[in-house]
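Q: Dropping the structure in here first, questions after.
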Amino acid sequence: MSDTPVDTSKRTWLIASTCAGAAGAAFTAVPFVAGFQPSERAKAAGAPVEVDISALKPGEKMTVEWRGKPVWILRRTPEMLASVKQVDGEVADPESDRKSYPTPEYAKNEHRSIKPEFWVGVGICTHLGCSPSDKLQPGPQPSLPDNWGGGFLCPCHGSTFDMAGRVFKNKPAPDNLEVPPHMYLSDTRLLIGEDKNTKA
């Protein structure tokens, strides 16, 4: 059986076509793979947020955005702090032991905060992601018990949270409101999204 002679011009053409095709595929893949890299905007969305809390008066709350989430900073009055202690037996997880939304060690206390006066929490209900409403004023109100001591009410399904973001018993929300990583840069500057132990 005789071997068919190889046409050298065809072989050269095939090699050149194959190389060109491979190079084209590589150039096409570069922007495709680059699309998986986080954009500068996406990186910025996850960056820590520095907040000036110097103008926040006792009893007031401010909201900032971190990672697309509303983060509440509540400056509690002595009365608000007293109400937290009074409802220890009525909340589902008084010590913030549940693991679904782990609480930083420095906030695993009754006030769920570094400084009792200031509470920092994510304003998203742990049930279905609604945003609870402020119900900071104590006393009887629609959809709240007569002995209401102040806190937050999720209007979607009625979950209630105290002044430390702890969910009350027998409510749809399975966990307390999340406490994000945070630290104080000074008495008036707060950094949300980073603490001494974690880089967020």
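The values are calculated or read from the model by the stated rules, or taken from the named source; none is laboratory data. Only a predicted model underlies this, so the values are computations on that prediction, with no experimental measurement involved. Don't worry about glycine lacking a Cβ; one is built from the backbone with ideal geometry, like all the others, and counts go over all protein chains shown.
Q: Looking at segment 135-178 only, could you name the residues that are assigned to a loop (DSSP other than H, G, I, E, B) and among the hydroxyl-bearing types (Ser, Thr, Tyr)?
A: Once the filter is applied, which keeps residues that are assigned to a loop (DSSP other than H, G, I, E, B) and among the hydroxyl-bearing types (Ser, Thr, Tyr), segment 135-178 yields Ser143, Ser159.
Q: Taking the residues in segment 105-143 that are of a type in the set (A, V, I, L, M) and modelled with pLDDT of 90 or more as candidates, determine which candidate is nearest to the chain's Cα centre (by Cα).
A: Val122
Q: Among residues belonging to segment 163-173 that are within 19 Å of the chain's Cα centre (by Cα) and not β-branched (Val, Ile, Thr), point out the one that is farthest from Pro116 (Cα to Cα).
A: Among those residues, the one meeting the criterion is Ala173.
Q: Follow-up. For a quick check of your reading of the model, give me the residue pairs whose first member lies in segment 59-80 and is among the basic types (Lys, Arg), whose second is at pLDDT below 95 and assigned to a strand (DSSP E or B), with beta-carbon atoms closer than 7 Å and at least 6 apart or on different chains.
A: If the second residue must be at pLDDT below 95 and assigned to a strand (DSSP E or B), the pairs left are Lys61/Asp134.
Q: Across segment 87-124, what is the total count of residues that are exposed (fewer than 14 other Cβ atoms within 10 Å of the Cβ) and outside any loop (DSSP other than H, G, I, E, B)?
A: Within segment 87-124, residues that are exposed (fewer than 14 other Cβ atoms within 10 Å of the Cβ) and outside any loop (DSSP other than H, G, I, E, B) number 1.
Q: Within segment 56-81, count every residue that is in a loop (DSSP other than H, G, I, E, B) and either among the charged types (D, E, K, R) or modelled with pLDDT of 95 or more (or both).
A: 8
Q: Checking the conditions here, which among Ser113, Ser159 is in contact (Cβ under 8 Å) with a residue 12 or more places away in the chain, within 21 Å of Asp52 (Cα to Cα) and not aliphatic (A, V, I, L, M)?
A: Ser113
Q: Identify, from the list Leu190, Leu177, Leu185, Leu144, the residue that is closer than 23 Å to Glu65 by Cβ and surrounded by fewer than 20 Cβ atoms within 10 Å (Cβ to Cβ).
A: Result: Leu185 is the single residue among Leu190, Leu177, Leu185, Leu144 that is closer than 23 Å to Glu65 by Cβ and surrounded by fewer than 20 Cβ atoms within 10 Å (Cβ to Cβ).
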